[in-house]
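The values are calculated or read from the model by the stated rules, or taken from the named source; none is laboratory data. What you see is a predicted model; the values in this text were computed from it and never measured. So basically every Cβ, Gly included, is an ideal-geometry build from the backbone, and we count neighbours across all protein chains shown. These accessible areas exclude ligands, DNA and RNA; they are computed on the full protein's heavy atoms, side chains included. Shrake-Rupley method; radii C 1.70, N 1.55, O 1.52, S 1.80 Å.
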Amino acid sequence: MTNLPGADLHLPEEYMVGIACMTNLPEADLHWPEEYMAGIVCMTNLPGVDLHWPEEYMAGIVCMTNLPGADLHWPEGCMAGIAMHEMSLCESILQVLEQQAEVQQYRKVKTVWLEIGVLSGVETDALRFSFDVVVQGSLADHARLEIIEIPGQAWCMPCSRNVVVQQLYDLCPYCGSHQLQVNSGDQMRIKELEVE
Amino acid sequence: MCGVCGCGEGHSHLHDDDHEHSHDHHDHDHHDHEHNAAHSHAPDLSQARMVQIEQDILAKNNRYAAENRRYFGERSMLVLNLVSSPGSGKTTLLIETIALLKDDLDITVIEGDQQTARDADRIRATGVPALQINTGKGCHLDAHKVGHALEILQPKNHSLLFIENVGNLVCPSAFDLGEAHKVVILSVTEGEDKPIKYPDMFHAADLMILNKTDLLPHLDFDSEQCIQYAKQVNPRIKILSLSAKTGEGMDNWLRWLKAELELQRIGYA
């Protein structure tokens, strides 16, 4: 999202968007300030890398590519093992844009409007970062990404009414029940495009 | 299987026995012809305009998943998508399950890992067909890769297919493979708060297996709290506790499998 002043890790300006960490990593060599804690995630340990963290943090991280100019490097072979959920979503988005270009007769995508539910599990900062990386050199190069956030809503069985939820583990704000059926806010949709 | 296939993505590899099949196909994608009448032809390319898409980002995966589900339905197969964090004991659970069931049932396995064919090798050592999909940089299996694995594996009617997904509690939750159920495996060596830390996966799963229960006496793991968290995220989730290592609780898991397989045989959906 931005540079990480006070952190041991520094990356070049162009990589600053989208990297972050869910939580501090005690015992890891890598630390950054609390305010940067919302957003990245690592899948597995990185053999041959200087950066290690304890097993319980293994579910979730991610980096897209080597980071030239960054202090943090890992061997080329590890690159295949580092991935990102939002990255694959962006690849799916690009496929739709390319497919629709034939159908709807456009050559360039200038803006993409997405509807992303707050319960969809999508980290929007990571999505923006991945989008910029994925669309490079495509018909959507430099396209603007507009994200319309859709609030979470669930049907409360005991109350027989819709209630607003922020998280999948939220309880009904009225009766405290967890008998909730999510009926909105888990969507990930491409709504419309500005094209030429 | 390729009715909706548009494979141009040659980045994953399937390992059948010791052979590696390259995965480049001709492209024969079928487009959704959602013509927008006002904009469908002779556009002025110099002028910006709006086009409505209204399409799920994962629509393509969902089409492949629907195709897989139809394939499974025609063959009355029970297909389970096994998901967990790395190290939960998924592969060991599978091996023990196969050992107990393979004389009674036809079983096949699709193994998803980012790299290596080690897990498929372990499964094949039990005597059942297994196919490894290396996802490379991908963090999950998708329905398209599974569809191609089926072409190679050719599972039998009324058989049981286990799809062991990449060890990752985040990404596989969004990708439908056409399975009957996602089964999430959580070992008691992990925190009891995993269901609320990774709610998407526990929300998407129909069954949670609490594994490695033989270790409970040595741990502070609060099983009741864990189950409560899982139910909080997903009131419909069912829970089985077992130890694949000692065999404790395995009988209930086998009975669940046989009951679900029976439901597929009567065409129950």
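Do we have A:Val112 as closer than 21 Å to A:Ala143 by Cα, at pLDDT 50 or above and part of a strand (DSSP E or B) here? Judged against the criteria, A:Val112 is a match. If you go through segment A:119-138 and pick out every residue that is open to solvent by 20 Å² or more (accessible area, probe 1.4 Å) and in a helix (DSSP H, G or I), you end up with 6.
Every test in (1) in a strand (DSSP E or B); (2) within 30 Å of A:Ser130 (Cα to Cα) is passed by A:Gln181 save one, and that test is (2). The set of residues in segment B:112-154 being of a type in the set (A, V, I, L, M, F, W, C) and within 14 Å of another protein chain (Cβ to nearest Cβ) consists of B:Ile133, B:Cys139, B:Leu141, B:Ala143.
Taking segment B:56-81 as the range and being within 14 Å of chain A (Cβ to nearest Cβ) and open to solvent by less than 10 Å² (accessible area, probe 1.4 Å) as the test, the residues that pass are B:Ile57, B:Leu58, B:Ala65.
Each row is one residue, and each column tells you yes or no for (1) of a type in the set (A, V, I, L, M); (2) within 24 Å of A:Val118 (Cα to Cα); (3) modelled with pLDDT under 95.
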{"site": "B:Asp119", "(1), (2), (3)": "no, no, yes"}
{"site": "B:Asn134", "(1), (2), (3)": "no, no, yes"}
{"site": "B:Leu141", "(1), (2), (3)": "yes, yes, yes"}
{"site": "B:Gly147", "(1), (2), (3)": "no, no, no"}
{"site": "B:Ile163", "(1), (2), (3)": "yes, no, no"}
{"site": "B:Val166", "(1), (2), (3)": "yes, no, yes"}
{"site": "B:Val170", "(1), (2), (3)": "yes, yes, yes"}
{"site": "B:Glu190", "(1), (2), (3)": "no, no, yes"}
{"site": "B:Asp200", "(1), (2), (3)": "no, yes, yes"}
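When each of B:Leu93, B:Leu101 is tested for being more than 14 Å from every other protein chain (Cβ to nearest Cβ) and closer than 17 Å to B:Ala180 by Cβ, the lone residue that passes is B:Leu101. Within segment A:143-196, the only residue that satisfies the criterion of being in contact with a Gly (Cβ under 7 Å, 6 or more places away or on another chain), within 30 Å of A:Gln105 (Cα to Cα) and of a type in the set (Val, Ile, Thr) is A:Ile150. The condition of being of a type in the set (Lys, Arg), touching a strand residue (DSSP E or B) at 6+ places or on another chain (Cβ under 8 Å) and open to solvent by 10 Å² or more (accessible area, probe 1.4 Å) holds for B:Lys90. In this structure, does A:Ser88 turn out to be outside any loop (DSSP other than H, G, I, E, B), hydroxyl-bearing (Ser, Thr, Tyr) and without any contact (Cβ under 8 Å) to a residue 24 or more places away in the chain? Criteria met by A:Ser88.
Among the residues that make up segment B:120-142, is at least one of them in contact with a helix residue (DSSP H, G or I) (Cβ under 6 Å, 6 or more places away or on another chain), assigned to a helix (DSSP H, G or I) and touching a residue at least 60 places away in the same chain (Cβ under 8 Å)? No, because not a single residue in segment B:120-142 is in contact with a helix residue (DSSP H, G or I) (Cβ under 6 Å, 6 or more places away or on another chain), assigned to a helix (DSSP H, G or I) and touching a residue at least 60 places away in the same chain (Cβ under 8 Å). B:Asn157 fulfils the conditions (1) away from chain A (no Cβ under 13 Å); (2) touching a Lys or Arg at 6+ places or on another chain (Cβ under 8 Å); (3) surrounded by 23 or more Cβ atoms within 10 Å (Cβ to Cβ) except for a single criterion, (3).
Those strands (runs of 3 or more DSSP E) of segment B:181-269 in which 2 or more residues are open to solvent by 30 Å² or more (accessible area, probe 1.4 Å) occupy B:238-241.
Listed here are the residues, each with its yes/no results for (1) outside any loop (DSSP other than H, G, I, E, B); (2) under 20 Å from the mean Cα position of the chain (by Cα); (3) more than 8 Å from chain B (Cβ to nearest Cβ); (4) not hydrophobic (A, V, I, L, M, F, W, C).
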site: A:Ile148; (1), (2), (3), (4): yes, yes, yes, no
site: A:Trp155; (1), (2), (3), (4): yes, no, yes, no
site: A:Val164; (1), (2), (3), (4): yes, no, yes, no
site: A:Leu168; (1), (2), (3), (4): no, yes, no, no
site: A:Arg189; (1), (2), (3), (4): yes, yes, no, yes
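A Cβ distance below 6 Å, combined with a sequence gap of six or more or placement on separate chains, defines the contacts here; from segment B:226-238, residues that are facing another protein chain (nearest Cβ under 9 Å) reach residues that are open to solvent by less than 30 Å² (accessible area, probe 1.4 Å) and in a loop (DSSP other than H, G, I, E, B) in the pairs B:Val233/A:Leu168.
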